[in-house]
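Colleague: Attaching a single structure in structure tokens format; questions to follow.
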Amino acid sequence: MQHIVTPSRRHPSERVLWMMLVMSAVCGTVTLSVSTWYRYLSAPTVISMERDYMAWNTSFPPITICPESKFDPDLVTQAVSELAEEFGAKNETALRAFVEGLAGATLMSLPDVPVVPDTHQHIPSHAFLRIIEKVSLPMNMTVVTGATDAASHDPTLAPTLTEQGVCYSFNSLVAPYVSPRYWRLGEDAVKGRGGLLELNPLDGSVIAQLSGLPGQYQLFVHGPGEVPALQSPFLTAPAGSLKRLELSTLAVLTAREVRDVTPQQRRCRFTDEPMTATTDTELAPRVPVYSYNLCRRSCRAALLLRACRCVPHLYGPMHNKHGVQVPMCEVRDFGCVTANLGFASTMVNPDTGEPFPCHCLVNCDEDQYVIESDTNNNEWFLGTDLKWSLNKYPRMRLKRHLTFGVQDLLVHVGSLYGLFLGGSVLCIVELVYFLTLRMYWHARATLLAQDPKDPAGGWKGASAGPGAVAV
């Protein structure tokens, strides 16, 4: 800067030349620094391949079973008596039909739920989840695996509420939180549950078996951090059959240091990072976990709220950005839900053909399973059974690493500053010092020197301040 501002006999053209050089250096520093900042915001991670398959564990394939019959007749009888007394229904036959229709409903069959006309007061929608929990089919059977760490995981099926109605999941981190029981009891509903069932090649071949299923069912295979969605592929099995599945898997994991950047930077969310509604058009489920399918469900619920001014009970409690729970649909609103389910399921605007904005991020830790073999024995005489296993242990997995963090950002920007301007961090600190503390004490000393009431006289009255100078 001395070539520009220092009083001397320099030719004006020389000053112009130096000014152009300094401006070019500043522009180069700013341009490349902005590019570095954009890289830090948009691409700080990289996915690499790992092949040391003996050193890691693989999650056993989680499943979700949605039986065709979703309620217990004895529990329905008991619930009808309680509801008739609570809501004053005289026609218990009609009330039973309503309870059975509500408990067995899916998102597509909501209009089939009958209305109870003779209740003294309308059965409110906030009671729907309580009714479903009370009459749901108890699936008390356990999954037999024979794994070496069988004691560390929960062998039971966890009830979960999906867009297919009440289903039951095994080896899922998310399913226990998406249930009427959790929404009623909170964290007490998941106390004592074990972890995931994970296998190592040293465990050998492990086959899971589920016996005594209640009848025909739909079967969903998904990752341990997921739940079934409306458009998830599924398999069916009739009553009195034995289904055998063999699956392969590919895992995508994320290193711990990736948590240092925001979900938007890494373009994924961990399971323990629940979503929140940030705009007027977004909704968030009342669960302490995150999954891609749960996020998509929230988008569909937001579209149905916009069209019908309510959210189906199958989505559970939903909150807006203010933390206020949005209303659940009454029985009279089920027709509107089905009428708007077409564009809500595809999330595409039928008028413009453009997708509705749904900013859902994939799971940071994700296991993808492929069905290698699917066989059915329809002449099975021991009930309705299911067996599934890993076809072979994966010899490769993908892992997301952080390659450009805050430290790298500072190093790059500092290098650019030194390259173009010949400065360093110390220069920046000195510049801040001169523009703040030094300027303050200089201005204070000047004001005191001009004050005629100053008993000390002159600028010496400001000598107590650090950095004060004589002018």
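The values are calculated or read from the model by the stated rules, or taken from the named source; none is laboratory data. What you see is a predicted model, and the numbers here were worked out from it, not measured in a lab. Every residue, glycine among them, receives a Cβ derived from its backbone with ideal geometry; neighbour counts consider all protein chains shown.
Colleague: Can you work out which of the residues in segment 18-48 that are surrounded by 16 or more Cβ atoms within 10 Å (Cβ to Cβ) and within 30 Å of residue 396 (Cα to Cα) is modelled with the lowest pLDDT?
Modeller: 40
Colleague: Also: Any residue in segment 388-399 that's over 17 Å from residue 371 (Cβ atoms) and free of Cβ contacts under 8 Å to residues at least 24 places away in the same chain: show its pairings with residues that are surrounded by fewer than 17 Cβ atoms within 10 Å (Cβ to Cβ) and polar (S, T, N, Q) at Cβ separation under 6 Å, as long as the two are six or more apart or on different chains.
Modeller: The qualifying pairs do not exist here.
Colleague: Just give me the residues in segment 273-286 being farther than 19 Å from residue 330 by Cβ and either of a type in the set (Lys, Arg) or not in a strand (DSSP E or B) (or both), in sequence order. Walk me through how you get there before you give the answer.
Modeller: Here is the first cut: in segment 273-286, the ones farther than 19 Å from residue 330 by Cβ are 273-282, 284-286.
Selection gives 273, 274, 275, 276, 277, 278, 279, 280, 281, 282, 286.
Colleague: Can you report the number of residues in segment 287-316 which are assigned to a loop (DSSP other than H, G, I, E, B) and surrounded by 17 or more Cβ atoms within 10 Å (Cβ to Cβ)? Walk me through how you get there before you give the answer.
Modeller: Step one: of segment 287-316, the residues assigned to a loop (DSSP other than H, G, I, E, B) are 287-291, 309-310, 312, 316.
After this cut, where a residue has to be surrounded by 17 or more Cβ atoms within 10 Å (Cβ to Cβ) as well, the list is 287, 289-291, 310, 312, 316.
Residues flagged as assigned to a loop (DSSP other than H, G, I, E, B) and surrounded by 17 or more Cβ atoms within 10 Å (Cβ to Cβ) within segment 287-316 amount to 7.
Colleague: So, in segment 51-81, how many residues would count as being in contact (Cβ under 8 Å) with a residue 40 or more places away in the chain, over 25 Å from the mean Cα position of the chain (by Cα) and not in a helix (DSSP H, G or I)?
Modeller: Final tally of qualifying residues: 7.
Colleague: Let me ask something else. Evaluate the following for residue 51: is it surrounded by fewer than 18 Cβ atoms within 10 Å (Cβ to Cβ) and modelled with pLDDT under 85? Before you say what the answer is, go through the steps one by one.
Modeller: Numbers: surrounded by fewer than 18 Cβ atoms within 10 Å (Cβ to Cβ): yes; modelled with pLDDT under 85: no.
Here the answer is no, as residue 51 does not meet what is asked.
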